[in-house]
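Trainee: Questions regarding the structure given below will be posed in turn.
The values are calculated or read from the model by the stated rules, or taken from the named source; none is laboratory data. None of these values were measured; they are calculated from a predicted model. Cβ coordinates were reconstructed from backbone atoms using ideal geometry, including for glycine residues, and neighbour counts include every protein chain displayed. Heads up: the accessible areas ignore ligands, DNA and RNA and are worked out on the full protein's heavy atoms, side chains in. Shrake-Rupley method; radii C 1.70, N 1.55, O 1.52, S 1.80 Å.
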Amino acid sequence: PHHQGHFPTTHLLTKPSTPQPTPPEARETFHPSPGLSLLPTLTFTPTYSLMKSYPTLTLPLQHLKTALTGLSKVVSRKTTLPVLECIHIACDARKNLATVTATDLDVHLALDLPAQCGPQEGAFLVPFNELREALKNSAGNDDLVTLRQDSEKSVTLIRERGDTSISVPLHTLPCDEF
């Protein structure tokens, strides 16, 4: 919008004390006087990431495959509750452990595996059969597997061997259903 003397209004943005966008009422407005010459102005608008951060963990493939063999005895194959077809994976960065858990409501099995956790600790659910299928043709004792939650509904499995990596998207359910 233009004001007296057809000078543009300049909005000066102040950085908020918490990482939130500056509300319009907190902005100051500067109206240059008609006699001033204005040079081109570079406007900076701070952007703050309000996206949720999700957990990531990396662990040896062989440890995960061994755990899946044990968990297969507990995971429900035919159930009316989809959450019972999932395993719960949680990472504790302080202990460098991932805990993988399965239940059929009668039996509860939790296994601790050595893992490197990303900066955001947390947990997610992964469908057991999808995870087992994604790892089915994996061999290699030195291979690493990374599980990275991308959203409330998606986890990506990344298999790494040397300079090669393969990404497989997996569906997930909310952890509070487990």
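Trainee: For segment 148-178, name all the residues that are open to solvent by less than 50 Å² (accessible area, probe 1.4 Å) and in a strand (DSSP E or B).
Mentor: Within segment 148-178, GLN149, SER151, SER154, VAL155, THR156, LEU157, ILE158, VAL168, LEU170 qualify.
Trainee: Determine the pairs where a residue that is free of Cβ contacts under 8 Å to residues at least 40 places away in the same chain, located within segment 112-127, has a partner that is not polar (S, T, N, Q) with Cβ atoms under 9 Å apart, the partner being 6 or more residues away or on another chain.
Mentor: So the pair list comes out as ASP112/ASP92; ASP112/LYS95; ASP112/LEU97; ASP112/ALA98; ASP112/VAL100.
Trainee: Scan segment 66-108 residue by residue and report those that are outside any loop (DSSP other than H, G, I, E, B) and of a type in the set (Val, Ile, Thr).
Mentor: The answer is THR66, THR69, VAL83, ILE87, ILE89, THR99, VAL100, THR101, THR103.
Trainee: Hey, any hits in segment 123-139 for a residue that's more than 16 Å from ALA67 (Cβ to Cβ), open to solvent by 70 Å² or more (accessible area, probe 1.4 Å) and in contact with a strand residue (DSSP E or B) (Cβ under 9 Å, 6 or more places away or on another chain)?
Mentor: The answer is no, given that none of the residues of segment 123-139 is more than 16 Å from ALA67 (Cβ to Cβ), open to solvent by 70 Å² or more (accessible area, probe 1.4 Å) and in contact with a strand residue (DSSP E or B) (Cβ under 9 Å, 6 or more places away or on another chain).
Trainee: Looking at segment 120-147, which of its residues are in a strand (DSSP E or B) and over 21 Å from VAL83 (Cβ atoms)?
Mentor: LEU144, VAL145, THR146
Trainee: Would you check if VAL100 is surrounded by 18 or more Cβ atoms within 10 Å (Cβ to Cβ), at pLDDT 90 or above, out of contact with any helix residue (DSSP H, G or I) (no Cβ under 9 Å at 6 or more places or on another chain) and under 19 Å from PRO55 (Cα atoms)?
Mentor: no
Trainee: Right, another one. Take the conditions loosely packed, with under 15 Cβ neighbours inside 10 Å and aliphatic (A, V, I, L, M) and apply them to VAL107. Does it pass?
Mentor: yes
Trainee: Kindly evaluate ARG159 against the criterion of being in contact with a strand residue (DSSP E or B) (Cβ under 7 Å, 6 or more places away or on another chain) and modelled with pLDDT of 80 or more.
Mentor: So ARG159 passes the test.
Trainee: In addition: Would segment 72-95 turn up any residue that is over 17 Å from PRO174 (Cα atoms), modelled with pLDDT of 90 or more and of a type in the set (Val, Ile, Thr)?
Mentor: no
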